Every structure is written in C-alpha cells, then in structure tokens.
Amino acid sequence: MRTTNWQIFRFSLVYFNSQTSIFLIPVIVSGSGYQGWISILFGSAMSVVLLFFMIKAGKLKTGDSWIDFGSQFMGKWGHRVLVLLLLCWCVYYTSYDIENFVLFFGSNYMRGTPPLFIQLAIGIVIAYTAAKGAATIIYMADGVFLLLIATTFFSLYLFLPNANFQMLPAFIHYFDPGTTIKDAVTVTSWFAEWVVLLFVAPELKINYSFMKKVLLAEFVLTVLVLAGWALTMLNFGPHLGKDVQYPYLDMVRSSSHDDIMGNLDPILIGIWSASMFIHSSFMIYAASKCALYLTKQKGKKLMVPFLVFCSILIAYLYSRSITRYYSDFNSFLVVILWLVVECIPVYYTMAAFIKSRINKPAS
C-alpha cells in the first residue's frame with residue numbers, strides 16, 4: 001500500500017486525539033489551571049522539534065525500514081536495546097489504553113462487570129485489528145476522521161452557552177514558571193508520539209508536502225486541545241475542573257439541550273472507542289515489528305496475540321490496584337520515560353550526524 005500524505009494527516013489526528021481530548025485536558029486543568037494555554041502551546045512547539053527529528057530519521061535511508069537500517073548508526077546492540085525499549089513502551093502504553101477503557105465503561109455503563117471480562121473483549125478487538133496491519137488501521141482512521149471532527153465541534157458548541165467569559169482576564173494574570181515548564185513537558189509527552197510513524201516511513205514519500213500535512217495535524221490537534229481546555233475552564237473553573245474526568249462527556253450530559261444535540265454521549269463514546277482501538281492497534285502493530293526483529297522473524301502468527309496478552313496482564317494487575325494505576329498515570333517520572341522513548345529519532349539523527357563527520361574525507 002502506498003500511503004498518501006492526506007491519509008497520514010487524518011491518521012495522525014485520529015491517533016493523537018484519542019488520548020489528548022479525553023485524558024490530557026483534565027491533567028492540564030488540574031496542574032496549570034489558568035496558565036494551561038501556555039503549557040499547551042509550549043508543549044506543542046517542543047513536540048514539533050521531535051517531529052522534525054522523526055522526519056530526519058525516516059530519511060536516513062529512503063525506502064528502508066528504520067528497524068532494518070538502525071544498526072548501521074547505533075551499532076547492533078545499541079539498536080537492539082532501543083528496539084526493545086520501544087517494544088516495552090508500546091505494550092505498556094496499550095495496557096494504559098485498556099485500563100482507561102475499563103475504568104470508563106466500568107464506572108459508567110457496565111458496573112459490576114468483572115474488569116477481566118472487559119479487558120479480554122477489548123484485547124480481542126485490538127489483536128484482530130493489529131494483525132490486519134498498518135494499511136487496515138490507516139483506512140479505519142479515514143473512516144473515523146470526519147465523524148471525529150464533527151462531534152468534536154458539536155461538543156465544543158455545547159460548552160459555549162454556559163461559559164463564563166468574564167474569567168478570560170485570569171488567563172493572563174496568573175503565571176507560575178515552574179508549573180508551566182513542568183506541564184509543558186507533560187504536554188510534549190502526549191503530543192510527541194511521532195516515533196510510531198517510523199514504521200510506515202518506507203511507504204511514505206517524505207518531502208515538503210508530507211511535512212506540511214503532519215504540521216497541519218499538529219496545528220489542528222493543538223487548537224482542539226486548547227479550545228477544550230479553555231472551555232472546560234470557563235464552564236467548570238479551576239477548582240471544579242480538577243474533578244472532571246471526561247470534560248466533553250460531562251458537558252454533553254449537563255447540556256440544557258433536550259434534542260439530539262443534548263444526547264450525543266453515546267455517539268461520542270462510540271467514536272472515541274473507535275479512535276482508541278486505532279491507537280492501541282497501531283501500538284501493538286509497532287510492537288510486533290520490534291519483537292519480530294528481536295526474534296529474527298520467529299513466531300509471526302503468535303506475536304500479536306502474545307503482545308496483547310502482555311498488555312491485558314498489566315491492565316489486569318492495575319485493575320487490582322487502582323491507586324497504583326493513578327499514581328503511575330500521573331507520575332512525572334513516567335512522563336520523562338515517555339519522552340526518553342519518543343526521543344528515539346533524535347538518537348539516530350545525532351548518531352548519523354556524528355558518523356558523517358567522522359567519515360568525512362579529509363580535504
């Protein structure tokens with residue numbers, strides 16, 4: 001399959017929005033409060049830097065996969081360590097997706113249902129989708145894209161009637177550099193998962209047009225998160241906003257509309273679920289590529305189910321200790337570990353630069 005740049009734009013937006021729209025906004029409201037807009041903009045700007053490194057790493061050897069040529073720049077064992085690190089990150093991140101899904105449905109719609117049952121059902125869908133490959137996942141994102149954009153704008157519209165716009169001056173009157181920098185780093189970790197695109201780089205024509213499309217995806221994502229954060233603050237304030245787990249859904253449910261617009265939550269949940277499956281499936285797809293490289297292509301048929309089983313196991317352990325889950329999910333150490341993985345393209349780009357300088361013929 002030859003993936004087009006517009007498909008990558010749609011896939012990127014669906015892939016990133018599945019996490020940021022639901023989980024990042026409450027984190028920023030709770031942490032930065034009125035200065036959240038600064039953290040979002042700085043975090044987005046820093047993620048653009050990592051995006052450029054991803055593009056550089058993808059162009060190191062056009063037409064070849066990063067998995068295959070990476071050892072030429074980092075050495076055999078250095079490359080294998082980084083592949084293993086990325087593999088563990090993908091599996092662990094998928095466990096977060098599964099546990100988030102369980103917590104949401106378990107507390108809202110499926111009370112009393114054993115978490116393991118929900119986890120297994122989700123795992124089967126993720127495994128089936130991931131086994132179909134990147135082409136199927138990207139085509140799924142194409143199908144979800146327009147629905148996602150439409151429902152997001154409808155949700156933001158529902159925020160407007162009850163928004164207290166007299167709070168707007170507070171957005172520029174409060175500033176705490178320490179909190180802003182910390183939350184900007186957190187935003188970067190959510191926005192900078194561009195490393196996963198290395199797994200489709202061989203099928204992409206990485207040029208100026210590609211760069212414009214991914215930058216457009218980054219811009220649209222930033223605007224949506226910024227609008228969601230601002231309207232959450234204007235509706236709930238900095239104190240009540242800290243207790244809002246799912247801003248879009250809570251706003252729809254509390255809407256004064258009695259028509260279909262006031263009952264959008266089943267549609268929102270369906271679209272979010274689809275985008276979450278796309279996110280998790282691509283994570284497992286990337287993890288399977290890493291695992292097959294490390295095992296020298298052994299166990300192809302069983303690799304995806306095994307990796308999904310590992311994610312389910314981690315999610316199940318978290319379901320037995322919800323306090324530990326929330327502690328890890330909100331840990332700044334986890335944010336740093338996320339960035340260590342997301343900076344993988346930086347390591348290869350720098351190694352390639354150093355190697356080119358060392359091997360530069362004397363004039």
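The values are calculated or read from the model by the stated rules, or taken from the named source; none is laboratory data. These figures come from a predicted structure and were not determined experimentally. Cβ coordinates were reconstructed from backbone atoms using ideal geometry, including for glycine residues, and neighbour counts include every protein chain displayed. Just so you know, the surface numbers come from the protein's heavy atoms only, side chains and all, with ligands and any DNA or RNA stripped out. Shrake-Rupley method; radii C 1.70, N 1.55, O 1.52, S 1.80 Å.
Matching residues to (1) at pLDDT below 90; (2) more than 19 Å from Cys343 (Cβ to Cβ):
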{"position": "Val14", "(1), (2)": "no, yes"}
{"position": "Val27", "(1), (2)": "yes, yes"}
{"position": "Leu51", "(1), (2)": "no, no"}
{"position": "Thr62", "(1), (2)": "yes, yes"}
{"position": "Gly70", "(1), (2)": "yes, no"}
{"position": "Phe73", "(1), (2)": "yes, no"}
{"position": "Val83", "(1), (2)": "no, no"}
{"position": "Ser95", "(1), (2)": "no, yes"}
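Going by what's in this entry, would Leu60 be described as surrounded by fewer than 21 Cβ atoms within 10 Å (Cβ to Cβ), aliphatic (A, V, I, L, M) and closer than 25 Å to Val214 by Cα? Spell out how you get there, then give the answer.
Working: surrounded by fewer than 21 Cβ atoms within 10 Å (Cβ to Cβ): yes; aliphatic (A, V, I, L, M): yes; closer than 25 Å to Val214 by Cα: yes.
Yes.
Residues checked against (1) under 30 Å from Ala315 (Cβ atoms); (2) open to solvent by 10 Å² or more (accessible area, probe 1.4 Å):
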| position | (1), (2) |
| --- | --- |
| Leu13 | yes, no |
| Ile28 | yes, no |
| Phe42 | no, yes |
| Val49 | no, yes |
| Ser65 | yes, yes |
| Cys88 | yes, yes |
| Ser95 | yes, no |
| Glu99 | yes, no |
| Phe104 | yes, no |
Revision key, fill the gap. Being assigned to a helix (DSSP H, G or I) and free of Cβ contacts under 8 Å to residues at least 60 places away in the same chain narrows Ile98, Ile138, Ile172, Ile126 down to just Ile172
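Which residue, of Ser155, Ser189, is of a type in the set (Gly, Ala, Ser), modelled with pLDDT under 85 and assigned to a helix (DSSP H, G or I)?
On the way: Ser189 fails: modelled with pLDDT under 85.
Exactly one of Ser155, Ser189 is of a type in the set (Gly, Ala, Ser), modelled with pLDDT under 85 and assigned to a helix (DSSP H, G or I), namely Ser155.
Taking Thr222 as the residue in question, decide whether it is touching a Gly at 6+ places or on another chain (Cβ under 6 Å), assigned to a helix (DSSP H, G or I) and crowded, with 18+ Cβ neighbours inside 10 Å.
Details: touching a Gly at 6+ places or on another chain (Cβ under 6 Å): no; assigned to a helix (DSSP H, G or I): yes; crowded, with 18+ Cβ neighbours inside 10 Å: yes.
It is false that Thr222 is touching a Gly at 6+ places or on another chain (Cβ under 6 Å), assigned to a helix (DSSP H, G or I) and crowded, with 18+ Cβ neighbours inside 10 Å.
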Review point. Within the set of pairs 6+ apart or on separate chains, which have a first residue in the stretch 317-340 that is over 21 Å from Leu85 (Cα atoms) and in a helix (DSSP H, G or I), a second that is polar (S, T, N, Q) and open to solvent by 70 Å² or more (accessible area, probe 1.4 Å), and C-beta atoms under 6 Å apart?
Key: none
Point to revise | Within the stretch 152-173, tally of residues that are surrounded by 15 or more Cβ atoms within 10 Å (Cβ to Cβ), among the hydroxyl-bearing types (Ser, Thr, Tyr) and more than 19 Å from the chain's Cα centre (by Cα) | key: 1
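Rundown of residues vs (1) under 30 Å from Gly70 (Cα atoms); (2) modelled with pLDDT of 80 or more; (3) of a type outside the set (S, T, N, Q), yes/no style:
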{"position": "Thr232", "(1), (2), (3)": "no, yes, no"}
{"position": "Asp258", "(1), (2), (3)": "no, no, yes"}
{"position": "Ala274", "(1), (2), (3)": "no, yes, yes"}
{"position": "Ser281", "(1), (2), (3)": "yes, yes, no"}
{"position": "Lys300", "(1), (2), (3)": "yes, yes, yes"}
{"position": "Leu307", "(1), (2), (3)": "yes, yes, yes"}
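With the structure loaded, tell me whether Lys289 is open to solvent by 30 Å² or more (accessible area, probe 1.4 Å) and not in a helix (DSSP H, G or I) or whether it fails that test.
no
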